[in-house]
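First the structure, in the form of structure tokens, and then the observations on it.
The values are calculated or read from the model by the stated rules, or taken from the named source; none is laboratory data. Predicted model only: the values in this text are computed from it and were never measured. We place every Cβ from the backbone using ideal geometry, glycine too, and count neighbours over all the protein chains shown. SASA here: full protein model, heavy atoms, side chains in, ligands and nucleic acids out. Shrake-Rupley method; radii C 1.70, N 1.55, O 1.52, S 1.80 Å.
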Amino acid sequence: MTQTLPNGSCPAADHPQESLRIKALHDFEVLDTLAEPMFDDIAQLASHICGTPIALISLVDSERQWFKAKVGLDAPETPREMAFCAHAILDPNEVFVVGNTLEDSRFATNPLVTGSPDIRFYAGAPIVTPEGLPIGTVCAIDRQPRQITAEQTQALQALSRQVARMLTFRKASLARIVAVEGQLQAQADEAKRLMSFASLDLDLKSFVDRHYNFVAVNASYLAYWRRDVGAVVGKTLPEVRGSAYFEQTLKPHIDRALQGEQSWVEAGVIYPTKGLRRMQITFVPVRSDQGDVVGVVINEHDIQELAQAAHRLRETITALEHKTLSQQKFIYMLSHDLREPV
């Protein structure tokens, strides 16, 4: 039995696979998202091709139809019981056309006909998922009765197929983004775990991502720089270490590590708590399970005492060399004198 609303209009029946259809729509995660140019362009094309002042990409939810893109209409959605598109999705293979709404008993008393936007003509091509489920339409609407040509019908169907492909691509892209973010988070969590194990390590350890952002640091790093975690993690290397030092000393080696090549440099660094220290800095690439480099572990080893000891050793060796030369010279002279006749 056909349901009739108090205003006399007849809402569309549910699709035979309504629960699967709604699930497919929600799986796209597109409802209530911001406008996107690639969808806006489709609505513009539909308006231009059909010569109508209104064109929509309409997605039919359980209680409403929501517009992903729209031309000539301000409302973001309308109740499903008033939706022409709810009728259009019942036959996913055909373009649903109403040439004159005032002459169609299903729509003559529809509030969208008797009031704004004063619909008189409607043509909607169903947007069908790869599984064959219609989730909405690309539709053209006019305030005057009219008809649609075969070429315009085919064009609307082509646009609806394109929207289906765009939604599928968008869904795959979102899934890829989520997967990558998950991998990066897992790497960050692992880096933090390793940093916690290295809390007693005397070396300064930090983990930075591909955008030169600090993801984790160990206790030695914070102690040398006299900073807390919030002043380092989440900040960029130029912010923490200074732009000049970053560009001249760190960035060339980090970039090499991001290409998968381990690198190191020896440099003097002035720390608030230690003063000038000689540091051996190693840059180690960190890879995801798929082998992609997702960041770099920077290990700074304080070799100040070692450098000073090496300097003292060089001074001792030099002094010994001078002493040895003097002794050799004395022995030579003594030997020469002993060989002279009395």
Problem set entry | Cα gyration tensor, the range 198-294 - rounded (a/c under 1.5), prolate or oblate | prolate
Seminar exercise, completed: Once all protein chains are kept in place, VAL217 shows an accessible area at probe 1.4 Å, nearest 10 Å², of 20
Exercise. Full extension from ALA223 to GLU151: what is 0.36 nm times the residue separation minus their Cα-Cα distance, to one decimal in nm?
Worked result: 18.6 nm
For this session: Please give the FRET efficiency for GLU266 paired with GLN183, using the beta carbon to beta carbon distance and R0 = 41 Å, rounded to the nearest 0.05.
Result: 0.80
For this session: Find how many whole Å separate the alpha carbon centroid of the range 69-92 from the alpha carbon centroid of the range 236-291.
Result: 56
For this session: Note down the net charge around ASP61, summing +1 for each Lys or Arg and -1 for each Asp or Glu among other residues with Cβ under 14 Å from its Cβ.
Result: -3
Exercise. Distance in nm between label sites at GLN280 and THR236, each 7 Å beyond Cα in the beta-carbon direction?
Worked result: 3.2
Problem set entry | Positive minus negative residues near HIS48 (Lys, Arg vs Asp, Glu; Cβ under 14 Å) | -4
Seminar exercise, completed: Label model pair GLU103, PHE169: point-to-point distance (7 angstrom along the Cα→beta-carbon line) in nm is 4.1
Problem set entry | Charge dipole magnitude, Cβ of K and R +1, D and E -1 - the range 117-191, Cα centre, debye nearest 20 | 380
Seminar exercise, completed: Here the gain from full extension of THR114 to MET38, 0.36 nm per residue of separation minus their alpha-carbon distance, amounts to 24.1 nm
Exercise. Near LEU31, within a Cβ-to-Cβ distance under 12 Å, what is the net charge of the other residues, with Lys and Arg +1 and Asp and Glu -1?
Worked result: -4
Problem set entry | Nearest-20 debye value, the range 213-295 charge dipole, Cβ charges on Lys, Arg, Asp, Glu | 420
Problem set entry | Cα-centre dipole for the range 230-274 with unit charges at Cβ (Lys and Arg positive, Asp and Glu negative), debye to 20 | 160
For this session: Could you point to the residue in GLY72, PRO16, SER62 farthest towards the positive end of the range 3-80's charge dipole, with +1 and -1 charges on the Cβ of Lys/Arg and Asp/Glu respectively?
Result: PRO16
Problem set entry | Cβ-Cβ FRET estimate between GLU29 and ASP292, R0 fixed at 25 Å, reported to 0.05 | 0.50
